[in-house]
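**Student:** Could you have a look at this structure, given as structure tokens, before my questions?
The values are calculated or read from the model by the stated rules, or taken from the named source; none is laboratory data. Everything quoted here is computed from the prediction, not taken from an experiment. Neighbour counts run over all protein chains shown; Cβ positions are idealised from the backbone, glycine included. Surface accessibility is based on the protein's heavy atoms, side chains included, excluding ligands, DNA and RNA. Shrake-Rupley method; radii C 1.70, N 1.55, O 1.52, S 1.80 Å.
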Amino acid sequence: MKVLLTVYLGVWIWALAAYWFFTGGSDAMGYSLLFLWLLLPATTFVVSFLTGKKDYWGKLKWFLVPAFGLMYMLAEYATFGASYMAYHRTFLQPQLGMIPAGMLISLAGMGIGFLCFRRSQRKRNGGNV
């Protein structure tokens, strides 16, 4: 489980570093598509799926769903939001509406993974769970 969370945090940190160190003003759309619409959601889904499939942490694994939602919102806030605030010297509140989007991606992965786990448990136990 530690490896999965480390991979997720590594991708998340790389997404932020890529924005601040490797993009310019004309790269916003490409960055958004690559990181906020593809890489971070895919990583969230896969890590959630594997967590559910292996039943890491038992019932506590479901607390990862809101955590992934929060991290998804923070990725946008620490990139586009922060650069906007720095340029305009103003404060923006985080877009809390992004949290449910990240949670939905995580919930889908976790739910499908958990269904796979339950199915494998049934096969192992001869249909009794």
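**Student:** Hey, can you tell me all the residues within the stretch 68-94 that are among the polar types (S, T, N, Q) and either open to solvent by 70 Å² or more (accessible area, probe 1.4 Å) or more than 23 Å from the chain's Cα centre (by Cα) (or both)? Outline the logic, then answer.
**Tutor:** Pass one, the stretch 68-94, residues among the polar types (S, T, N, Q): 79, 83, 90, 93.
Of everything in the stretch 68-94, those that are among the polar types (S, T, N, Q) and either open to solvent by 70 Å² or more (accessible area, probe 1.4 Å) or more than 23 Å from the chain's Cα centre (by Cα) (or both) turn out to be T90, Q93.
**Student:** Working only within the stretch 33-59, note down all residues that are farther than 19 Å from V7 by Cα and modelled with pLDDT of 95 or more. Walk me through how you get there before you give the answer.
**Tutor:** Keep residues of the stretch 33-59 that are farther than 19 Å from V7 by Cα, which gives 33, 58-59.
Answer for the stretch 33-59, where residues must be farther than 19 Å from V7 by Cα and modelled with pLDDT of 95 or more: just L33.
**Student:** Additional query: Within the stretch 5-22, can you find the residues that are touching a residue at least 24 places away in the same chain (Cβ under 8 Å) and open to solvent by 100 Å² or more (accessible area, probe 1.4 Å)?
**Tutor:** Residue satisfying the conditions is W20 alone.
**Student:** What tally of residues in the stretch 23-47 results from selecting those that are loosely packed, with under 14 Cβ neighbours inside 10 Å and assigned to a helix (DSSP H, G or I)?
**Tutor:** Just the residues of the stretch 23-47 that are loosely packed, with under 14 Cβ neighbours inside 10 Å, to begin with: 24-27, 29-30, 33, 37-38, 42.
In the following step, the residues that additionally are assigned to a helix (DSSP H, G or I) were identified as 25-27, 29-30, 33, 37-38, 42.
Counting residues in the stretch 23-47 that are loosely packed, with under 14 Cβ neighbours inside 10 Å and assigned to a helix (DSSP H, G or I) gives 9.
Every residue, every condition in (1) of a type in the set (A, V, I, L, M); (2) touching a helix residue (DSSP H, G or I) at 6+ places or on another chain (Cβ under 7 Å); (3) under 15 Å from A101 (Cβ atoms), yes or no:
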{"position": "F49", "(1), (2), (3)": "no, yes, no"}
{"position": "G58", "(1), (2), (3)": "no, no, no"}
{"position": "V65", "(1), (2), (3)": "yes, yes, yes"}
{"position": "Y77", "(1), (2), (3)": "no, no, yes"}
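**Student:** Continuing with the same structure: What are the residues in the stretch 57-67 that are open to solvent by 60 Å² or more (accessible area, probe 1.4 Å), within 17 Å of the chain's Cα centre (by Cα) and touching a residue at least 40 places away in the same chain (Cβ under 8 Å), if any?
**Tutor:** W62
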